[in-house]
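Novice: Structure below; questions to follow.
The values are calculated or read from the model by the stated rules, or taken from the named source; none is laboratory data. Because the structure is a prediction, the values reported are computed rather than measured. Every residue, glycine among them, receives a Cβ derived from its backbone with ideal geometry; neighbour counts consider all protein chains shown. Heads up: the accessible areas ignore ligands, DNA and RNA and are worked out on the full protein's heavy atoms, side chains in. Shrake-Rupley method; radii C 1.70, N 1.55, O 1.52, S 1.80 Å.
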Amino acid sequence: MALNHDEAPVLDALARYHDVDELGFTPPGHKQARGADPRARAVLGDAVFGDILANGGLDDRLARGGVLERAESLMADAVHAEHTFFSTCGSSLSVKAAMLVVTCPGNRLLVGRDAHKSVIAGLILSGVQPVWVEPQWDAERHIAHPPSAASYAKAFAEHPDADGALVTSPTPYGAAADLAAIADICHRRGKPLIVDEAWGAHLPFHDDLPRWAMDAGADICVTSIHKMGSGLEQGSVFHLQGDLIDPAELASRADLLGTTSPNVLLYAGIDAWRRQMAQQGRTLMGRALELTGRTRAAIEAIDGFHVNDAADFCGPHLAADFDPLPVVIDISELGTTGYRAADWLRAHHHLDPHLTDHRRISAQLTHADDENTTNRLLIALRDLAEHADALHDASPVALPAPADLRMEQAQLPRDAYFSRHETVLTVEACGRIAAEMITPYPPGIPAVLPGERLTEPVLHYLTSGVTAGMFLPDAADHRLKTIRVVAED
């Protein structure tokens, strides 16, 4: 029977709850905003306090209405998956659940070394042994693209006992992997493929976007609805297809990691996004792509700016495909850094770019943007170009060659993280084994993992980066004057 995408089961159930004036003597304790601080209500509005229990609120205590189950089935149908699971703990939880259903402590998993820190956290928590698969490095632009299918084939040849593979695609910069080829390599060995597609919620809804993970043959795909979709922060889904993974096992792993008190407002945001895209997705994404094309051309016309496109990011030994909506702008000709430019744009135009690094800023466009938002962006960028002389004093970042960014994995991430550690001056840390994760953010790809033997080029890159404006939120010492290392006997 065809599913009815006019439905939004979670949103509809919330509306019914309020319409019949249901009275709950249950959590949450604010009781539909009645107990909330009036000052909070004035800022947030009462709708934010419209959350209720999932069972015994949104649905009855035995979930006999099947509200969440119907919403998940509708999402799966909308994106051509066999099963979908909602998460209110972000893709950071979803990807851990996916990893734990594919492999287990002590076993091997092929993992692209450009993985998000949430993947590394999954390795630390699980004790899984990573087999690192190197990204495809563009040494000229100092940027990494997803690993190639050939690199995954080589890793499987060297580690045939690996339980599966994980790849991140698209990257926050819009670079996409050849997922169909990687899936084929996995499946010829009877191994599942996990795709961390946190930045790809929009991909199923327009043919001019990169092929999304389920259509490319992946077994599990993790997607953040809040990044490129209309969901609330922390709203995530993971999709499943094929017979290599038991859906009940995946649900069990998610239950093991997730909260027992999910915020149904996040469910409602996911549900509403699915309905919006099932009904209007192609039109909305078509408009977004047209607007993005015009905006890219207008930015490219500004002196000192270059907008990276498929010609820059795709080709032999680079990415396989390209999503244009993350508008990645190379500003190196302005003689400043992305860090300084981002700070200037916020201070002078109340405008926040997304990614920032030593030579780039990015403006993430979605279906929510229009001529008003992009015109404001263009005004700000033209003003930045005119005032670039004032930003020429930016501190340089010491950029290692790609080969010098990779360090020896001397211990498993879990072993090093939970080992007895000590804090040493960073200038004395070369040769020691890291006991912490150190991650430039955004995009959240660790430069240092627990268990890696620290080298001078990486330490110099990070310390010079901090001086230039790099943000390292997970380092114990954000200024990186000191670093945690495994204690020596």
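Novice: Can Thr259 be described as of a type in the set (S, T, N, Q) and surrounded by 15 or more Cβ atoms within 10 Å (Cβ to Cβ)? Walk me through how you get there before you give the answer.
Specialist: Working: of a type in the set (S, T, N, Q): yes; surrounded by 15 or more Cβ atoms within 10 Å (Cβ to Cβ): no.
For Thr259, the condition - of a type in the set (S, T, N, Q) and surrounded by 15 or more Cβ atoms within 10 Å (Cβ to Cβ) - is not met.
Novice: Can you go through Ile124, Ile120 and tell me which one is in contact with a Phe, Trp or Tyr (Cβ under 9 Å, 6 or more places away or on another chain), open to solvent by less than 30 Å² (accessible area, probe 1.4 Å), of a type outside the set (Ser, Thr, Tyr) and assigned to a helix (DSSP H, G or I)? Walk me through it before giving the result.
Specialist: On the way: Ile120 fails: in contact with a Phe, Trp or Tyr (Cβ under 9 Å, 6 or more places away or on another chain).
Answer to the selection: Ile124.
Novice: When the stretch 284-324 is examined, which residues are found to be assigned to a helix (DSSP H, G or I), within 18 Å of Trp212 (Cβ to Cβ) and open to solvent by 10 Å² or more (accessible area, probe 1.4 Å)?
Specialist: Those that are assigned to a helix (DSSP H, G or I), within 18 Å of Trp212 (Cβ to Cβ) and open to solvent by 10 Å² or more (accessible area, probe 1.4 Å): Leu284, Gly286, Leu289, Ala310.
Novice: Being aliphatic (A, V, I, L, M) and assigned to a helix (DSSP H, G or I) narrows it down to one residue among Ala476, Ala398, Ala390, Ala394; which is it? Break it down stepwise before answering.
Specialist: On the way: Ala476 fails: assigned to a helix (DSSP H, G or I); Ala398 fails: assigned to a helix (DSSP H, G or I); Ala394 fails: assigned to a helix (DSSP H, G or I).
Sole residue among the options that is aliphatic (A, V, I, L, M) and assigned to a helix (DSSP H, G or I): Ala390.
Novice: So Leu93 ticks every box in (1) open to solvent by 40 Å² or more (accessible area, probe 1.4 Å); (2) modelled with pLDDT under 90 but one. Which box is left unticked?
Specialist: That leaves (1) as the condition not met.
Novice: Hey, does the stretch 353-362 have a residue that's open to solvent by 50 Å² or more (accessible area, probe 1.4 Å), among the charged types (D, E, K, R) and out of contact with any strand residue (DSSP E or B) (no Cβ under 6 Å at 6 or more places or on another chain)?
Specialist: The initial filter retains those residues of the stretch 353-362 that are open to solvent by 50 Å² or more (accessible area, probe 1.4 Å), namely 354.
Keeping just the survivors that are among the charged types (D, E, K, R) gives none.
Within the stretch 353-362, not a single residue is open to solvent by 50 Å² or more (accessible area, probe 1.4 Å), among the charged types (D, E, K, R) and out of contact with any strand residue (DSSP E or B) (no Cβ under 6 Å at 6 or more places or on another chain).
Novice: Does the stretch 444-458 hold any residues that are farther than 24 Å from Gly127 by Cα and open to solvent by less than 10 Å² (accessible area, probe 1.4 Å), and which are they?
Specialist: Result: Val458, single match.
Novice: If I go through the stretch 129-148 residue by residue, how many of them are open to solvent by less than 20 Å² (accessible area, probe 1.4 Å), in contact (Cβ under 8 Å) with a residue 60 or more places away in the chain and either over 20 Å from the mean Cα position of the chain (by Cα) or over 21 Å from Glu197 (Cα atoms) (or both)?
Specialist: 1
Novice: Could you check Asn372 against (1) assigned to a loop (DSSP other than H, G, I, E, B); (2) at pLDDT 95 or above; (3) surrounded by fewer than 18 Cβ atoms within 10 Å (Cβ to Cβ) and say which number it fails?
Specialist: (1)
Novice: Restricting to the stretch 1-21, name every residue that is farther than 16 Å from Ala63 by Cα and open to solvent by 40 Å² or more (accessible area, probe 1.4 Å).
Specialist: If we filter the stretch 1-21 for residues that are farther than 16 Å from Ala63 by Cα, which is where we start, we get 1-8, 15, 18-21.
Met1, Ala2, Leu3, Asn4, Asp6, Glu7, Ala15, His18, Asp19, Val20, Asp21 - these are the residues of the stretch 1-21 that are farther than 16 Å from Ala63 by Cα and open to solvent by 40 Å² or more (accessible area, probe 1.4 Å).
Novice: Moving on. Here are some conditions: (1) of a type in the set (Gly, Ala, Ser); (2) touching a helix residue (DSSP H, G or I) at 6+ places or on another chain (Cβ under 6 Å); (3) surrounded by fewer than 19 Cβ atoms within 10 Å (Cβ to Cβ). Gly431 meets all but one. Which one does it not meet?
Specialist: Answer for Gly431: the failing condition is (2).
Novice: For the stretch 41-52, give me each residue that is aliphatic (A, V, I, L, M) and either in contact with a Pro (Cβ under 7 Å, 6 or more places away or on another chain) or open to solvent by 30 Å² or more (accessible area, probe 1.4 Å) (or both). Steps first, answer last, please.
Specialist: Taking the stretch 41-52 as the starting set, the residues that turn out to be aliphatic (A, V, I, L, M) are 42-44, 47-48, 52.
Listed by number, the residues that qualify are Ala42, Val43, Leu44, Ala47, Val48.
Novice: Among (1) assigned to a helix (DSSP H, G or I); (2) in contact with a helix residue (DSSP H, G or I) (Cβ under 8 Å, 6 or more places away or on another chain), there is one condition Ala363 misses while meeting the rest; what is its number?
Specialist: It is condition (1) that Ala363 fails.
Novice: Quick check on this structure: which one of Leu365, Leu334, Leu351, Leu325 is among the hydrophobic types (A, V, I, L, M, F, W, C), at pLDDT 95 or above and within 16 Å of Gly304 (Cβ to Cβ)? I'd like the intermediate steps shown before the answer.
Specialist: Details: Leu365 fails: within 16 Å of Gly304 (Cβ to Cβ); Leu351 fails: within 16 Å of Gly304 (Cβ to Cβ); Leu325 fails: within 16 Å of Gly304 (Cβ to Cβ).
Unique residue meeting the criteria: Leu334.
Novice: OK, next. Being touching a residue at least 24 places away in the same chain (Cβ under 8 Å) and not polar (S, T, N, Q) is true for just one of Arg113, Arg64. Which residue is that? Outline the logic, then answer.
Specialist: Numbers: Arg64 fails: touching a residue at least 24 places away in the same chain (Cβ under 8 Å).
On inspection, the qualifying residue turns out to be Arg113.
Novice: Which of the residues that make up the stretch 151-174 are under 17 Å from Gly217 (Cα atoms) and without any contact (Cβ under 8 Å) to a residue 60 or more places away in the chain?
Specialist: Tyr152, Ala153, Ala165, Val167, Thr168, Ser169
Novice: Residue check: is Val328 touching a residue at least 24 places away in the same chain (Cβ under 8 Å), within 30 Å of Ala149 (Cβ to Cβ) and not hydroxyl-bearing (Ser, Thr, Tyr)? Give the steps one after another, and end with the answer.
Specialist: Details: touching a residue at least 24 places away in the same chain (Cβ under 8 Å): yes; within 30 Å of Ala149 (Cβ to Cβ): yes; not hydroxyl-bearing (Ser, Thr, Tyr): yes.
For Val328, the condition - touching a residue at least 24 places away in the same chain (Cβ under 8 Å), within 30 Å of Ala149 (Cβ to Cβ) and not hydroxyl-bearing (Ser, Thr, Tyr) - is met.
Here is a yes/no grid of residues against (1) in contact (Cβ under 8 Å) with a residue 60 or more places away in the chain; (2) open to solvent by 10 Å² or more (accessible area, probe 1.4 Å); (3) farther than 21 Å from Cys314 by Cα; (4) touching a Ser or Thr at 6+ places or on another chain (Cβ under 6 Å):
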site: Ala176; (1), (2), (3), (4): yes, no, no, yes
site: Ala183; (1), (2), (3), (4): no, no, no, no
site: Cys186; (1), (2), (3), (4): no, no, yes, no
site: Gly190; (1), (2), (3), (4): no, yes, yes, no
site: Trp199; (1), (2), (3), (4): yes, yes, no, no
site: His206; (1), (2), (3), (4): yes, yes, no, no
site: Trp212; (1), (2), (3), (4): yes, no, no, no
site: Asp215; (1), (2), (3), (4): yes, yes, no, no
site: Cys221; (1), (2), (3), (4): yes, no, yes, no
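Novice: Given (1) out of contact with any strand residue (DSSP E or B) (no Cβ under 6 Å at 6 or more places or on another chain); (2) over 21 Å from Gln364 (Cβ atoms); (3) modelled with pLDDT under 95; (4) crowded, with 24+ Cβ neighbours inside 10 Å, identify the lone condition not met by Met228.
Specialist: Exception for Met228: condition (2).
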